[in-house]
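So the structure is just underneath, and the comments pick up after that.
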Ligand code: SF4
Ligand code: SF4
């Protein structure tokens, strides 16, 4: 008999580091942004369950001095994750239900001018009880912090859904290490300035490629044209096209300094204790955010709609939680 437990067991056997299940009806009722709904029903109205898969990014790359090591590792993890999803989908079809992996790296151009797919893997993972969103709206798992990727398999199988976590995994404004480390000042109060982030996270991404192409097309003479692409920047774009390195997930800073996750304590705490980018302005901003929250000021990222993915009951250290939130590292890993 096909049960949620069997599907999770298979996903773990195929290589998932954590797995949870969300109901498609719940995801349809709670799109992250109702104006641009990312819901299973827009992909297929027949979908009943969405299986969230999580794969951790090995921490070693975050100890290196070269961002390329993280970027390359990211791509390996993403490819591996797609394979896990494919195997789960194939298994489900042997059980008489149809299933397919989420096209997780695809962006829907008509939705927003930023990476914005058909379904948000982060939000699905929250609904499936694997973690909550952090101050910079990265997905945070209690076991791996933000050093993990999420994706999903959509299926017509009716599977028992997991409970969503109700406490924040993120420590919040009193931590603000992601904000201190961000070279783009892109971390907002439970939000992100995606354009500012993209300057570092997509250093040689689509927008940079368009800028270079424009220079090429408007250059007056052939010599000038050639220089546009015969340059380190042109070469980096070429590498990005070949291997995606440099075009996506480029900046490791908010991932490597986040103290949430067993891997941080084990591998990263010493290396990343100091944050060179931290300055007085950033500290003042974090304090202001904390004061605003305490004063009950309106924070869009914590609106009655968005709090669902942040954790309705706020932050409590894991040891003080009243047994409501079973550790996903124990339950789902
Ligand atoms: S990826 Fe880099 S630029 Fe983007 S929010 Fe994180 S630290 Fe800032
Ligand atoms: S660095 Fe701190 S504030 Fe930022 S996501 Fe991690 S726990 Fe939350």
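Within the listed set 205, 96, 191, the Gaussian network model of the chain (springs between alpha-carbon atoms below 10 Å) gives the highest mean-square fluctuation for 96. Comparing 117, 234, 301 in a Gaussian network model of the chain, where Cα atoms under 10 Å apart are tied by springs, the biggest mean-square fluctuation is seen for 234.
Net length available on complete extension from residue 217 to residue 48 is 55.9 nm, with 0.36 nm assigned per residue and the Cα-Cα distance removed.
Provide the gained length on full extension for the span residue 265 to residue 227, in nm with one decimal, where the gain is 0.36 nm per separating residue minus the Cα-Cα distance.
9.0 nm
The length gained by stretching the chain between residue 320 and residue 95 to full extension, at 0.36 nm per residue less their Cα-Cα distance, is 76.8 nm. Centre-to-centre, using Cα atoms only, segment 1-69 and segment 262-318 are separated by 24 Å. GNM on the chain, alpha-carbon springs under 10 angstrom: the most fluctuating residue among 60, 311, 20 is 60. Calculated mean residue ellipticity at 222 nm for the chain: -11000 deg cm²/dmol, from DSSP H runs with n ≥ 4 weighted as -39500 (n - 2.57), summed, divided by the residue count and rounded to 500.
Values in this text are rule-based calculations from the coordinates and carry no lab data. Just so we're clear, the structure is a prediction, and the values are computed from it rather than from any experiment.
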